[in-house]
1. From the set of residues in segment 32-56 that are under 19 Å from the mean Cα position of the chain (by Cα) and either outside the structural domain of Ser74 (by TED's automatic domain parsing) or free of Cβ contacts under 8 Å to residues at least 40 places away in the same chain (or both), which is nearest to Tyr168 (Cα to Cα)?
2. Which ones in segment 94-136 are over 15 Å from the mean Cα position of the chain (by Cα), part of a strand (DSSP E or B) and buried (at least 18 other Cβ atoms within 10 Å of the Cβ)?
3. Quickly run through segment 182-204 and pick out the residues that are of a type in the set (Asp, Glu) and either touching a residue at least 40 places away in the same chain (Cβ under 8 Å) or assigned to a helix (DSSP H, G or I) (or both).
4. Testing Pro179 on (1) assigned to a strand (DSSP E or B); (2) under 30 Å from Ser48 (Cβ atoms), one condition comes back false. Which one is that?
5. Output the residue which, of all residues in segment 155-181 that are aromatic (Phe, Trp, Tyr) and in contact (Cβ under 8 Å) with a residue 12 or more places away in the chain, is surrounded by the fewest Cβ atoms within 10 Å (Cβ to Cβ).
6. From Ala120, Ala227, grab the single residue that is under 24 Å from Ser248 (Cβ atoms) and not assigned by TED's automatic domain parsing to the domain that holds Ser46.
7. Being outside any strand (DSSP E or B) and among the small types (Gly, Ala, Ser) is the filter; apply it to segment 205-251 and report the residue that is surrounded by the fewest Cβ atoms within 10 Å (Cβ to Cβ).
8. Going through Ser239, Ser225 one at a time, which residue ends up being in contact with a helix residue (DSSP H, G or I) (Cβ under 9 Å, 6 or more places away or on another chain) and among the small types (Gly, Ala, Ser)?
Amino acid sequence: MHSILTALMLLLAADTSATDLPNYRHACENATFEAWSTSFNEDSSSSSNHDRTAQYCFYEGRGEISEYRSLGQSGEPVFQGASITLWDNDRSVGRTLWVMVGVDGHTDIQLRWEGARLMADGKGHDPKGEFIERWSTDFSRGGDQHFEMSRSYDGGETWIEPFNIIEYLKTPTAPPPLPSEWSQQFEAFAPNLAPEGGMIFLDGTAWGKFSLDDNGSPVGFQFASVAPKNGDWVWRLMSWTFENGIISVDDTSLN
């Protein structure tokens, strides 16, 4: 089933010209996607998972938040992360911050368009170490997306190609409203640690706030959630901007 789906989406991408596609460069749509993600190891072994994404648009499409959830066998989230994306005035150039709940790591990603294909170069770290990555997203007429990423943990000397392939299938379901309260696990400490204002998202396990320029356009983002550090748990507040990427990371012990 997965191989058939991949072949169909690659065929669509090959047969679809830029003029046939929606103008993604100038559009952001609140949407929900079902996703099939396959991750690859250096020995070419792989594992696949059913995931789900909820996309939210802010400031006339200049700011986006895409919540990503890997689902367990009963449909419950077993992993949660988010991509926060900022665009320039005409959406020709963008920058994305990838963050996760309960994981020590993040990625700072530069975006550009090559025709109708979205291209990206990123750098960051995760529990395996520092890495650089490159990826592309192809869009089909119905709004489905094909994402393919390669990653290097040795500064580009060797690459895991591909490292991750995700087929995003757009659904007719609108994303749910963002939560107004913290989840049960977070309500004992998060209200006292999160800065004022902003929003709660990722099912009540994360906090975020856009930073605006004098014209009211988004130019940065603050993200906060829990992360592991030195065998303990901390509340991590990250500040990130379109111009400079990560500018600060502040940890507060939860004990």
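The values are calculated or read from the model by the stated rules, or taken from the named source; none is laboratory data. Remember, predicted model here, so these are calculated numbers, not experimental data. Quick reminder, even Gly has a Cβ in these numbers, built from the backbone with ideal geometry, and neighbours come from all protein chains shown.
1. Pass one, segment 32-56, residues under 19 Å from the mean Cα position of the chain (by Cα): 32-40, 48-56.
Next cut, either outside the structural domain of Ser74 (by TED's automatic domain parsing) or free of Cβ contacts under 8 Å to residues at least 40 places away in the same chain (or both) only: 49-50, 52.
Numbers: Asn49: 12, His50: 10, Arg52: 8 Å.
Here the answer is Arg52.
2. Scanning segment 94-136 gives a single hit, Phe131.
3. First pass over segment 182-204, keeping only residues of a type in the set (Asp, Glu): 187, 196, 203.
Across segment 182-204, the qualifying residue is only Asp203.
4. It is condition (1) that Pro179 fails.
5. To start, the set of residues in segment 155-181 that are aromatic (Phe, Trp, Tyr) comprises 159, 163, 168.
Going one step further and asking which of them are in contact (Cβ under 8 Å) with a residue 12 or more places away in the chain, we end up with 163, 168.
Details: Phe163: 21, Tyr168: 25.
Going through the qualifying residues, I end up with Phe163.
6. Details: Ala120 fails: not assigned by TED's automatic domain parsing to the domain that holds Ser46.
Of the residues listed, the single one that is under 24 Å from Ser248 (Cβ atoms) and not assigned by TED's automatic domain parsing to the domain that holds Ser46 is Ala227.
7. Going through segment 205-251, the residues outside any strand (DSSP E or B) turn out to be 205, 213-217, 230-231, 242-244.
If we keep only those that are among the small types (Gly, Ala, Ser) too, we end up with 216-217, 231.
Details: Gly216: 9, Ser217: 17, Gly231: 5.
Among them, the one singled out is Gly231.
8. Answer to the check: Ser225.
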